[in-house]
Amino acid sequence: MSRKLIDEFYWYDIEGQKDEKLTDAEKYKRIVSWAVKARGQNPGVFDVLTEWVLDDSKWSDDKLAENEQILIQGVFVRFKEQNAQLRAYLSELEPSGVVNAAVFKALDRFDDELSGMVHDKLLQEAVVKVFADFSAMREGSIREQIAGNKTGPAGTNSVDLFGYINCLKDSDAGVQWALFMPDVAERQQKGFKVDSFDYDVLFMHHYGLGVDVGPWHGVWGRFMKADTPVPEGFLYFDFVPYSDGKAGPPYCSQFAYATFSGDVDSMHEREGYDSDAMYDVTRNMMLGQGVPIPYPDKYWTAEVFLDGCDKYSTAYMFSAEL
């Protein structure tokens, strides 16, 4: 990978964007616009980065020093510098009340990942080795754990191997979501509104697989207290407080809960949404607030029928990592 390709990331030029004539709200709007564009461009560049790390021909001994400069300085350090600039600029704007505070938590997480403090325990050993001695990248098995798999232009395709670059891609997206998702969720509330955002259901999941891989499975039922006897012939799924590290059931009992009011047809509108309006708004509010979604391993959702299953659902549950 040439150094030129690093410039394909949609970097934010803070100094070039500063304009004292703009209000704080207008300045923040510029940052939000950058985040939208970065979200559209960066996943593809991360995929190219993954390809490069996996290409054995690019990792001969004579290329190791140059590759260290490209990966460590060109990518990791440059993202940390951008994060520091964003943090400083957003801190200047924060007193005016225009900044979504969740972005600072997202920047913290991204900085941790970029510093080698990876949150995925399965990757910690490989990442620590590389940060301690870059020559560890000679080993194909180490590079596989660093690279992971490509996730496509939207950054959402399922992967067989979730690597360090996938962590960075998700953390980059987390910063962008915290910036632009609040506006997206607000615009999506057409003809209805969210009454609250706390916690008969239609439980939905994909067996711990990505939505592009695992079959959709919906189950009518109710959430019951632990150790409730299950009548013969009934299906059940166990929920536990924390992940067991495996894909699929038992699912985690942590979730976001949103209730809606207004036009029920608008709440269930599908055109223009990834799923439907309630799903998209709930998910996007979570992303905007920096709440991690355990996708795909422990991902589940549920439509909540507060007035019984013969009426429209007007609440939504969405799996979370709290």
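Readers should treat all values here as calculations from the given coordinates under stated rules, not as data from a laboratory. Note that the structure is predicted; figures quoted are calculated from it, not measured. Here the Cβ is made from the backbone with ideal geometry for all residues, glycine too, and neighbour counts use every protein chain on show.
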Practice problem: Treat region 269-322 as a sphere of radius equal to its Kirkwood radius over Cα pairs and apply Stokes-Einstein at 25 °C in a medium of 0.890 mPa s; give the translational diffusion coefficient in µm²/s, rounded to a whole number. | Solution: 204 µm²/s
Quiz item: If the cut-off is a Cα-Cα distance under 22 Å, which lysines reach residue 246, setting aside same-chain residues fewer than 8 apart in sequence?
Solution: 121, 150, 169, 298
Quiz item: Using modelled amide H (1.01 Å from N, peptide plane; none on Pro or chain starts), what sits under 5 Å from the amide H of residue 158, excluding residues fewer than 5 places away?
Solution: 212
Quiz prompt | Unit Cα scatterers, Debye sum, the chain: log10 I(q)/I(0) for q = 0.08, 0.09, 0.12, 0.15 Å⁻¹ | solution = -0.43, -0.54, -0.91, -1.28
Quiz item: Could you state the number of Å between the C-alpha centres of region 55-108 and region 227-281?
Solution: 34 Å
Quiz item: Taking the highest mean first, how do the peptides 25-38, 214-227 order by number of other beta carbon atoms within 10 angstrom per residue?
Solution: 25-38, 214-227
Quiz item: What fraction of the Cα pairs in region 164-261, stated in percent, has a spacing above 15 angstrom?
Solution: 77 percent
Quiz item: So for region 192-319, Kirkwood radius off the Cα pairs, Stokes-Einstein at 37 °C and 0.692 mPa s: how many µm² s⁻¹?
Solution: 214 µm²/s
Practice problem: Starting with the fewest neighbours, write out 234, 180 ranked by other beta-carbon atoms found within 10 Å of each beta-carbon. | Solution: 234, 180
Practice problem: Take residue 93, project a point 7 Å from its Cα along the Cβ direction, then tell me which residues of region 28-72 have their backbone nitrogen under 16 Å from it. | Solution: 28-39
Self-check item: Positive-end extreme of charge dipole, region 192-319 - chosen from 257, 211, 237 (charges on Cβ)
Solution: 237
Quiz item: Short version: ³J(HN,Hα) in whole Hz for each residue of region 33-38, in order, from phi by Karplus 6.51 cos²θ - 1.76 cosθ + 1.60 (θ = phi - 60°), x for Gly and Pro, what are they?
Solution: 4, 4, 4, 4, 5, 5
Quiz prompt | Cα gyration tensor of region 29-69 - equivalent ellipsoid semi-axes, whole Å, descending | solution = 32, 12, 4
Self-check item: Mean residue ellipticity (222 nm) of the chain, computed from DSSP H runs ≥ 4 via -39,500 (n - 2.57), nearest 500
Solution: -12500 deg cm²/dmol
Quiz item: Could you give the semi-axes, largest first, of the ellipsoid that matches region 65-129, computed as the square roots of 5 times the alpha carbon gyration tensor eigenvalues and rounded to whole Å?
Solution: 28, 16, 5
Quiz prompt | Proximal aspartates and glutamates relative to residue 311, as straight alpha-carbon distance under 20 Å, when same-chain residues fewer than 8 apart are discounted | solution = 195, 200, 263, 265, 269, 276, 303
Quiz item: What is the pair-distance distribution P(r) of region 40-158, computed from all Cα-Cα distances in 5 Å bins starting at 0, with each bin given as a whole percent?
Solution: 2, 10, 16, 21, 20, 14, 8, 5, 3, 1, 0
Practice problem: Over all directions, average the projected area of the Cα convex hull of region 114-178 and note it in nm². | Solution: 4.7 nm²
Quiz item: When the Karplus curve 6.51 cos²θ - 1.76 cosθ + 1.60 is applied with θ = phi - 60°, which whole-Hz ³J(HN,Hα) does each residue of region 278-283 get, with x for Gly and Pro?
Solution: 5, 4, 4, 5, 4, 4
Self-check item: Compactness of region 1-105, expressed as Rg and Dmax over alpha-carbon positions, Å
Solution: 16.8, 52
Exercise. Using θ = phi - 60° and the Karplus relation 6.51 cos²θ - 1.76 cosθ + 1.60, list the HN-Hα couplings for region 3-10 in order, rounded to whole Hz, with x at every Gly or Pro.
Key: 4, 4, 5, 4, 5, 6, 4, 8
